[in-house]
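Structure record follows, encoded as structure tokens.
The values are calculated or read from the model by the stated rules, or taken from the named source; none is laboratory data. Please read all numbers here as calculations on a predicted model, not as lab measurements. Cβ placement follows ideal geometry from the backbone for every residue including glycine, while neighbour counts extend to all protein chains displayed. Note: areas computed on protein heavy atoms with side chains; ligands, DNA, RNA excluded. Shrake-Rupley method; radii C 1.70, N 1.55, O 1.52, S 1.80 Å.
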Amino acid sequence: MATHQEKKLAQERKHKTTQNGAQTSQGQWGRAWEVDWFSLASILFLLLFAPLIVYYFIMSCDQYQCSLTDPLIDLLTGKRHLSDIWNKTPTLTCRAAAIYSLWVTFQVVLYMFIPDFCHKFLPGYVGGVQEGAVTPAGVVNKYQINGLQAWIITHVLWFANAYYFHFFSPTIIFDNWIPLLWCANILGYAVSTFAMIKGYLFPTNAKDCKFTGNFFYDYMMGIEFNPRIGKWFDFKLFFNGRPGIVAWTLINLSYAAKQQELYGQVTNSMILVNVLQGIYVLDFFWNEAWYLKTIDICHDHFGWYLGWGDCVWLPYLYTLQGLYLVYHPVQLCTANAIGILALGLLGYYIFRVTNHQKDLFRRTNGNCRIWGKKPDYIECSYMSVDGAKYYSKLMTSGFWGWARHFNYTGDLMGSLAYCLACGFEHLLPYFYIIYMTILLTHRCIRDEHRCFSKYGKDWKRYTAAVPYRLLPGIF
């Protein structure tokens, strides 16, 4: 296995060329070749503590009414021991295992075996078989886009059960939330481990694999760029979109049902969280074909970061606002509710229009109008691992002339709205905006490092034309 790795590294490094005046490996823009000490330390920290962070948040709600400080105070003062907290934590149950297995299997069936029909009757929706971006090795993968269809079918069945069949309670997710956490962790680690083994023994495309020689980095960040089973089961597309994001709105609906069960009403804050996050989820699936051109698909390899993250981190920490509101129902005054709704909708508008401008620019190769005029852009070129030269254009008009990642600015505005709906009594629901700020800022830096490796001097020209990353005039 070590010999195989050395040969692969040697073959890939032969493709290093000088492009646009910068010495760069043509595969560098997919993922790092080498691991520095800071990256390794960060990775070890996440591998060790990310699962504990998720557990701590969920346990805090289950045992401490969503207080993040009380568990620590109890432990430091000796009032409770770790064993006391652990012994009160619900364990994995056969019921939870059956629910989770059925859920994932159902999503696989919807993904693999029901071709998309939504694009045939929904004007403007792009579904069916679509092409992704060019990979570092010069490959263009095809994808079966049917996420919106899967979301619709899943939610129609959910509401049919809630109001007609009554096979299970709408609170089923909340009622089994911690046992389901163990199931999600098992799947997350299983798929991440399988992806690493697959990358060594039977990769889908060997030229799009990367080995740093560091086990922990390769395990976390992934080896294969687009691991697949058969023609259509793409690990990145499936786990990024299903089952976690389809479940997002169901999880929030389960929280709302639990609030109704406990207090006899659903508060306007819970409705706001369901509506604003529901818009975000629907936007994701409506624009799933566009998503093929984003950083997750275009740059990230598939490892623990995506595999475990999509199975555990996303569904459990992105839904903290709804979970918090089950334990602490908040009824907002009309003015505050309208203000939060306006902030969320404005953030969504900026997020969507910014992304739409980029998508329109790409689809028309710049032959379009942005804000009523022909867009400005920087012409640039790059090379794939096989030495083929490609040309691209980076737009400097519209919102993309305001900041290089202004779509993230809109995303952060929406994230803040979710949190504000929960009031100011506890810190826990604000974890989301704190995390998203760190994530998107880091993603800006990561993306720009890759873009510089990819475009060289052309990228410097672009950053000179658009000097700010997120906030015009500030950052």
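Checking residue 67 against (1) in a helix (DSSP H, G or I); (2) in contact (Cβ under 8 Å) with a residue 60 or more places away in the chain; (3) open to solvent by less than 50 Å² (accessible area, probe 1.4 Å), only one condition comes out false. Which one?
Residue 67 satisfies all of (1) in a helix (DSSP H, G or I); (2) in contact (Cβ under 8 Å) with a residue 60 or more places away in the chain; (3) open to solvent by less than 50 Å² (accessible area, probe 1.4 Å) except (1).
One line per residue, one yes/no per condition, for (1) of a type in the set (Ser, Thr, Tyr); (2) in contact with a strand residue (DSSP E or B) (Cβ under 6 Å, 6 or more places away or on another chain):
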{"site": "392", "(1), (2)": "yes, yes"}
{"site": "397", "(1), (2)": "yes, yes"}
{"site": "409", "(1), (2)": "yes, no"}
{"site": "420", "(1), (2)": "no, no"}
{"site": "425", "(1), (2)": "no, no"}
{"site": "433", "(1), (2)": "no, no"}
{"site": "436", "(1), (2)": "no, no"}
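With respect to the numbered conditions (1) open to solvent by less than 30 Å² (accessible area, probe 1.4 Å); (2) farther than 21 Å from residue 431 by Cα, which one is the sole condition not fulfilled by residue 324?
Going through (1) open to solvent by less than 30 Å² (accessible area, probe 1.4 Å); (2) farther than 21 Å from residue 431 by Cα one by one, residue 324 breaks only (2).
It is to be established whether one or more residues within the stretch 291-303 are crowded, with 21+ Cβ neighbours inside 10 Å and closer than 21 Å to residue 316 by Cα.
Within the stretch 291-303, one or more residues are crowded, with 21+ Cβ neighbours inside 10 Å and closer than 21 Å to residue 316 by Cα.
Could you list, in sequence order, the residues of the stretch 377-429 that are surrounded by fewer than 19 Cβ atoms within 10 Å (Cβ to Cβ) and of a type in the set (Asp, Glu)?
Matches in the stretch 377-429: 379, 386, 425.
Out of everything in the stretch 200-215 that is farther than 17 Å from residue 297 by Cβ and not aromatic (Phe, Trp, Tyr), what residue ends up being most open to solvent (accessible area, probe 1.4 Å)?
Taking the stretch 200-215 and keeping what is farther than 17 Å from residue 297 by Cβ, we get 200-203, 206-207, 211-215.
Going one step further and asking which of them are not aromatic (Phe, Trp, Tyr), we end up with 201, 203, 206-207, 212-214.
Values: 201: 113, 203: 39, 206: 45, 207: 128, 212: 30, 213: 54, 214: 37 Å².
Step by step, filter the stretch 200-215, then rank; the result is 207.
Within the stretch 127-170, work out how many residues are among the small types (Gly, Ala, Ser), in contact with a helix residue (DSSP H, G or I) (Cβ under 7 Å, 6 or more places away or on another chain) and not in a loop (DSSP other than H, G, I, E, B).
Residues flagged as among the small types (Gly, Ala, Ser), in contact with a helix residue (DSSP H, G or I) (Cβ under 7 Å, 6 or more places away or on another chain) and not in a loop (DSSP other than H, G, I, E, B) within the stretch 127-170 amount to 5.
Are any residues in the stretch 218-263 small (Gly, Ala, Ser) and within 18 Å of the chain's Cα centre (by Cα), and if so, which ones? Steps first, please.
Within the stretch 218-263, the subset small (Gly, Ala, Ser) is 222, 230, 241, 244, 247, 254, 256-257.
222, 241, 244, 247, listed by residue number.
What about residue 76, is it part of a helix (DSSP H, G or I) and either under 30 Å from residue 389 (Cα atoms) or at pLDDT 65 or above (or both)? Reasoning before the result, please.
Values: part of a helix (DSSP H, G or I): yes; either under 30 Å from residue 389 (Cα atoms) or at pLDDT 65 or above (or both): yes.
Considered against the rule, which asks whether it is part of a helix (DSSP H, G or I) and either under 30 Å from residue 389 (Cα atoms) or at pLDDT 65 or above (or both), residue 76 comes out as yes.
Being farther than 30 Å from residue 381 by Cβ, in the same structural domain as residue 305 (by the TED database) and outside any helix (DSSP H, G or I) is the requirement here; does residue 179 meet it?
Working: farther than 30 Å from residue 381 by Cβ: yes; in the same structural domain as residue 305 (by the TED database): yes; outside any helix (DSSP H, G or I): no.
When the stated conditions are applied, residue 179 does not pass them.
Considering only the stretch 80-127, state which residues are touching a residue at least 40 places away in the same chain (Cβ under 8 Å) and either more than 23 Å from residue 173 (Cβ to Cβ) or open to solvent by 60 Å² or more (accessible area, probe 1.4 Å) (or both).
Taking the stretch 80-127 as the starting set, the residues that turn out to be touching a residue at least 40 places away in the same chain (Cβ under 8 Å) are 89-93, 95-97, 99-101, 103-104, 106-108, 110-112, 125-127.
Within the stretch 80-127, 91, 92, 95, 101, 106, 112, 125, 126, 127 meet the criteria.
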